[in-house]
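Please read the structure below before turning to the comments.
The values are calculated or read from the model by the stated rules, or taken from the named source; none is laboratory data. Note that the structure is a prediction, hence the values are computed from the model and not measured. Glycine gets a Cβ as well: all are built from the backbone with ideal geometry, and neighbour counts include every protein chain shown.
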Amino acid sequence: MSVDKSTVLRIAQLARIEVPEGDLDNLDGELNNILGWVEQLNEVDTDGIEPMSSGVPGMKLRRREDAVTAENRQEDVLANAPEPRDGFFVVPKVIE
Amino acid sequence: MAELTQLTQLTIAEARDGLGAGEFSAKELAEAHIAAVQAARDLNAYVVETPERALDDAAASDARRAKGEGGSFDGIPVAIKDLFCTEGVRTTACSHILDGFVPPYESFVTAKMRQAGAVMLGKTNLDEFAMGSSNETSYYGPVRNPWRRAGDNRDLVPGGSSGGSASAVAAGLCLGATGTDTGGSIRQPASFCGIVGMKPTYGRCSRWGIVAFASSLDQAGPMTRTVRDAAIMLGAMAGFDPNDSTSSDAPIPDFEAALEGGVKGMKIGIPAEYLVDGMDAEIGALWDKGVEWLKAQGAEIVDISLARTQYALPTYYIIAPAEASSNLARYDGMRYGLRVDGADLAETYSKTRAEGFGAEVRRRILIGTYVLSAGYYDAYYLKAQKVRRLISDEFAAAFDQVDAILTPTAPTAAFAQGEKSDDLIAMYLNDVFTVPASLAGLPAISVPAGLSGDGLPLGLQLITRAFDEENLFRAARALEEAAGWTPRPVAAGG
């Protein structure tokens, strides 16, 4: 499988990263280089193999009671905001 | 008072003993290191210096000691990789997108080290979001390796991603530094800079408060000048944390106590498949030497096969970018960090992320997004997770036969800045020996074991079973002792 420029644009759109037209040729080549290289995994027979998603085999994610454990830290949470106002994050208009 | 330069040459163990015996104070130790950090700014190892904080920490440590309190890590000056959130101290993961971010909280690992009395000297440089093997992708510029090739003045890379930490430890700008390792980011720079770098079992050190790269692989660990120091420092970093659902509640052994057990009777596996194309011949020769050293100390050498090794890197370069693309979705310019305004919300997102992420991070997010996208998930991501299982199973089978595995840490010594930037796959191959243990979650350590023909440090790697750091440190100590490693970089101290 290889990606063309329109696919690169579609992925960039999904990833919410603007890609300048001038970068497309390079990126297309780089991504195909990497994707071509990882395709060697197709040589490995993985029929009936359980995918491993944990950091060490057999690790179970611990669960906790669904209870509030953090105190109110509104000021801390907003301290790094690019545009805080009246205890809120200000964001561009979403609804027309 | 001891000479300042002597204080920066101590090991953590020596500093602990000297502090305990009252030969010098934590304040003197901190002052010596602050001076060294300032004198060696040309290495670009630190991106934030916190001298006032270090002096405050040291004064508090001296006060505790005067009252007869304070444990074995009290007063030890350390550097913190700028991937750990530190309360009130700028933390950016060396990315433009986290411009000016000052965490209102402290990572679990650094909080635990503070509790143990560590003195923080500052935050160290790294590849942006820990994505890189040469520390050249940092928004704050590359780090210089304090080592140079004999007769060659070119700047060398310190390895990556924990390049600032490795350079700082090697140059005597701290007694130990935290690193994080996702596919080799502690071990490879340790090998390049002639220091010890240790990645614990996945789950030993909490990931809470560490800027996430690939969550099923990320693991914090110590970078030090000796194996003993790594054991002491891991004791100050490891522990159960209810805030990380993958944090292990297994008991933490006394790592230092395990050191001197020796390798007599220990079975050491040598995997034939780690003899890869493109590996320097002198690294192969050093590996052979390592085998002889351990054998001479009574270890039994066993030939083993890890045939899936060749698939570890491509597996990693699907799984790690996939997890990264998901983790880095949080950088949207709304709640913290950089915001670049666009005509609407979607454009603000895409402009912010275009300007905020560097080329390597952008590439990995795009790869990750692609392999997780509809129609490709099974062919790439699920396939990689299945191969990951096979790699992990293969290690498990090997550990039915042996107690530890010995390999080189990296296929080459440190290279010059810019030397590998044009060839992505060549850069990725740096991690060919370190990635397999990362995929299986196993503890592994790089020990400096010799010098290349042109005078650069080379490391050997040991890997053990999950949660068997004791055998890992024991074998590493034996290797270190046999190697008789003492060389120091020429540019140490600036």
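Details
- Screening B:Ile252 on (1) more than 14 Å from chain A (Cβ to nearest Cβ); (2) assigned to a loop (DSSP other than H, G, I, E, B); (3) under 30 Å from A:Leu41 (Cβ atoms) shows it passes everything except condition (3).
- Residues within the stretch B:344-359 that are crowded, with 19+ Cβ neighbours inside 10 Å, more than 7 Å from every other protein chain (Cβ to nearest Cβ) and part of a helix (DSSP H, G or I), tallied: 2
- Complete set of residues in the stretch B:43-75 that are among the polar types (S, T, N, Q) and either over 24 Å from B:Ser162 (Cα atoms) or more than 24 Å from the chain's Cα centre (by Cα) (or both): B:Ser61, B:Ser72
- Selection count where residues are outside any helix (DSSP H, G or I) and either within 17 Å of B:Lys267 (Cβ to Cβ) or more than 14 Å from chain A (Cβ to nearest Cβ) (or both), scope the stretch B:422-442: 3
- On inspection, B:Thr315 fails the criterion of being of a type in the set (S, T, N, Q), outside any strand (DSSP E or B) and under 30 Å from B:Ala170 (Cβ atoms).
- Against the test of being assigned to a loop (DSSP other than H, G, I, E, B) and facing chain A (nearest Cβ under 8 Å), the options B:Arg363, B:Arg339 yield a single qualifying residue, B:Arg339.
- Within the stretch B:453-487, being over 14 Å from B:Arg187 (Cβ atoms), surrounded by 24 or more Cβ atoms within 10 Å (Cβ to Cβ) and of a type in the set (Gly, Ala, Ser) holds for B:Ala466, B:Ala475, B:Ala478.
- Residues located in the stretch B:369-387, provided they are more than 8 Å from chain A (Cβ to nearest Cβ) and in contact (Cβ under 8 Å) with a residue 12 or more places away in the chain: B:Val371, B:Leu372, B:Tyr381
- Condition met for A:Ile11 (more than 30 Å from B:Ala466 (Cβ to Cβ), facing chain B (nearest Cβ under 7 Å), at pLDDT 95 or above and in a loop (DSSP other than H, G, I, E, B)): no
- Residues in the stretch B:138-195 that are touching a helix residue (DSSP H, G or I) at 6+ places or on another chain (Cβ under 8 Å) and among the hydroxyl-bearing types (Ser, Thr, Tyr): B:Ser138, B:Tyr139, B:Ser161, B:Ser162, B:Ser165, B:Ser167, B:Thr178, B:Thr180, B:Thr182, B:Ser185.
- Any hit, the stretch A:33-56, residues being surrounded by 16 or more Cβ atoms within 10 Å (Cβ to Cβ), in a helix (DSSP H, G or I) and touching a residue at least 24 places away in the same chain (Cβ under 8 Å): yes
- Unmet requirement for B:Gly122, which otherwise passes all of (1) touching a Ser or Thr at 6+ places or on another chain (Cβ under 6 Å); (2) buried (at least 24 other Cβ atoms within 10 Å of the Cβ); (3) in a loop (DSSP other than H, G, I, E, B): (3)
- Reported count of residues in the stretch A:74-92, each being within 7 Å of chain B (Cβ to nearest Cβ), in a loop (DSSP other than H, G, I, E, B) and either touching a Pro at 6+ places or on another chain (Cβ under 9 Å) or more than 30 Å from B:Val340 (Cα to Cα) (or both), is 2.
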